[in-house]
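Okay, so here's the structure we're looking at.
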Amino acid sequence: GWKNFVTYTAQVNSFAPQSMANSIAIISTILEMIIGLMLLTGYKTGFAAVAASALTFLFALAMAVSSGIKEPLDYSVFAFSAGALLLSTMPAHKWSIDYLLNN
């Protein structure tokens, strides 16, 4: 589990010092959980979508730098990033907490 994830994090972020792999893994996991919960519940959907887009774009860049451009393209990371950015442009999210708070 976690040990393999930290090892993979170190591989993807090969440009960062090895000692930072555990911190990067923890921070990215926490951000993924927070952003995911915000998107699932529809709370601050626009902000969460921009944050998801930025985070996945950073993952894609790290993958491209460490393993070449083929890896993020194989896993469609750029497409996920663009999809999240597209979500952020939607004016209304009818089944969300944001909609309930604004109406």
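The values are calculated or read from the model by the stated rules, or taken from the named source; none is laboratory data. For clarity, every value in this text was computed on a predicted model and none was experimentally measured. Every residue, glycine among them, receives a Cβ derived from its backbone with ideal geometry; neighbour counts consider all protein chains shown. Ligands, DNA and RNA are excluded from the accessible area calculation, which covers all protein heavy atoms including side chains. Shrake-Rupley method; radii C 1.70, N 1.55, O 1.52, S 1.80 Å.
So which residue, out of 57, 15, 78, gets the largest mean-square fluctuation from a GNM of the chain using Cα contacts under 10 Å as springs?
15
From the phi of every residue in segment 12-25, what ³J(HN,Hα) in whole Hz does the Karplus formula 6.51 cos²θ - 1.76 cosθ + 1.60 yield, where θ is phi - 60° and glycine or proline is x?
Coupling constants for segment 12-25: 5, 9, 4, 7, 8, x, 4, 5, 8, 4, 5, 5, 4, 5 Hz.
In nm, give the distance between the simple-model label positions of residue 14 and residue 99, each being 7 Å from the Cα along the Cα-to-Cβ direction.
Those two pseudo-labels are separated by 4.6 nm.
Compute the acute angle (0 to 90°) between the alpha-carbon long axis of helix 77-88 and the principal axis of greatest extent of the alpha-carbon atoms of the chain; round to the nearest 10°.
It works out to around 20 degrees.
Each residue of segment 96-103 in turn: what ³J(HN,Hα) in whole Hz from Karplus with 6.51, -1.76, 1.60 and θ = phi - 60°, glycine and Pro shown as x?
Values per residue, Gly and Pro as x: 9, 5, 4, 4, 5, 6, 8, 10 Hz.
Can you match semi-axes √(5λ) of the Cα gyration tensor in Å to one of these, (1) 29, 13, 12; (2) 30, 16, 9; (3) 19, 16, 12, based on a calculation from the structure here?
Recomputing semi-axes √(5λ) of the Cα gyration tensor in Å here picks out (2).
Would you calculate the separation in nanometres between label points at residue 73 and residue 92, each defined as 7 Å from the Cα along the Cα-to-beta-carbon direction?
Placing both labels 7 Å along Cα→Cβ, they lie 4.0 nm apart.
Near the amide H of residue 42, under 5 Å away, which other amide H atoms are found, from residues 5 or more places off or on another chain, if H is placed in the peptide plane?
97
GNM on the chain, C-alpha springs below 10 Å: top fluctuator among 73, 39, 85?
Per the Cα network of the chain with a 10 Å cutoff, 73 tops the list.
Of all accessible surface on segment 38-103 at a 1.4 Å probe, what whole percent is carbon and sulfur?
72
Over segment 7-103, average the accessible area per residue using a 1.4 Å probe and give it in Å², no decimals.
Value for segment 7-103: 66 Å² per residue.
Lysines near residue 94 by alpha-carbon distance under 19 Å, same-chain residues fewer than 8 away left out - which ones?
Within the straight-line limit of under 19 Å, residue 94 reaches these lysines: 44.
For a quick check, take a GNM of the chain with Cα springs below 10 Å and name the residue from 64, 84, 92 with the largest mean-square fluctuation.
In the Gaussian network model the winner is 92.
So what's the back-of-envelope 222 nm ellipticity for the chain, counting only DSSP H runs of four-plus at -39500 (n - 2.57) apiece and dividing by all residues, rounded to 500?
The helix contribution divided over the chain gives -24000 deg cm²/dmol.
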